[in-house]
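Inspection log for the structure reproduced underneath, given as structure tokens.
The values are calculated or read from the model by the stated rules, or taken from the named source; none is laboratory data. If you're wondering where the values come from, they're calculated on a predicted model, not measured in any experiment. As a convention, Cβ positions derive from the backbone with ideal geometry for all residues, glycine included, and neighbour counts pool all protein chains shown. For accessibility, only protein heavy atoms count, side chains too; no ligands or nucleic acids. Shrake-Rupley method; radii C 1.70, N 1.55, O 1.52, S 1.80 Å.
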Amino acid sequence: SRVPSPAGIAERSLATPVALAIGADGRTAYVAAHGSSKIGVLDMRALVDDSFVPDAARHIPVCGGGASGLVLDDARGRLYVL
């Protein structure tokens, strides 16, 4: 059986993280969440100081069954997603 989550939890979650890319300046991390079919954009400072709170507004939805790989091209301002 499926246990319902509290309101808003599913929207903020990043299920089955499979790839990580970190910006050249070390301030932002991108997480490919295959199970959620989205890319999480995370503030590294919040992760390090343990103040991170998931925020659905900082997620990038993807199509095609979920993301499984990332390549960040900082010089061109692009994130390539497989």
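Give segment 41-66 a look and list any residue that's open to solvent by less than 70 Å² (accessible area, probe 1.4 Å), in contact with a helix residue (DSSP H, G or I) (Cβ under 6 Å, 6 or more places away or on another chain) and hydrophobic (A, V, I, L, M, F, W, C), or say none.
Passing the criteria: V41, A56.
Can you find a residue that is outside any strand (DSSP E or B) and over 12 Å from the mean Cα position of the chain (by Cα) anywhere in segment 13-24?
Yes; the residues of segment 13-24 include at least one that is outside any strand (DSSP E or B) and over 12 Å from the mean Cα position of the chain (by Cα).
Taking into account only those residues within segment 25-40 that are assigned to a strand (DSSP E or B) and touching a helix residue (DSSP H, G or I) at 6+ places or on another chain (Cβ under 8 Å), which is farthest from L72 (Cα to Cα)?
G40
So which pairs qualify, if the first residue must be in segment 47-63 and free of Cβ contacts under 8 Å to residues at least 60 places away in the same chain, the second must be open to solvent by 100 Å² or more (accessible area, probe 1.4 Å), the Cβ gap must be under 7 Å, and the two must be at least 6 apart or on different chains?
Final answer for the pair search is A56/E11.
What number of residues within segment 67-82 satisfy the criterion of being open to solvent by 90 Å² or more (accessible area, probe 1.4 Å) and either among the charged types (D, E, K, R) or in contact with a helix residue (DSSP H, G or I) (Cβ under 6 Å, 6 or more places away or on another chain) (or both)?
Selection size over segment 67-82: 2.
Cβ contacts < 7 Å: first residue on the phi > 0 side of the Ramachandran plot, restricted to segment 9-33; second residue assigned to a strand (DSSP E or B), any location; separation 6+ or different chain. Result?
The qualifying pairs are T16/A33.
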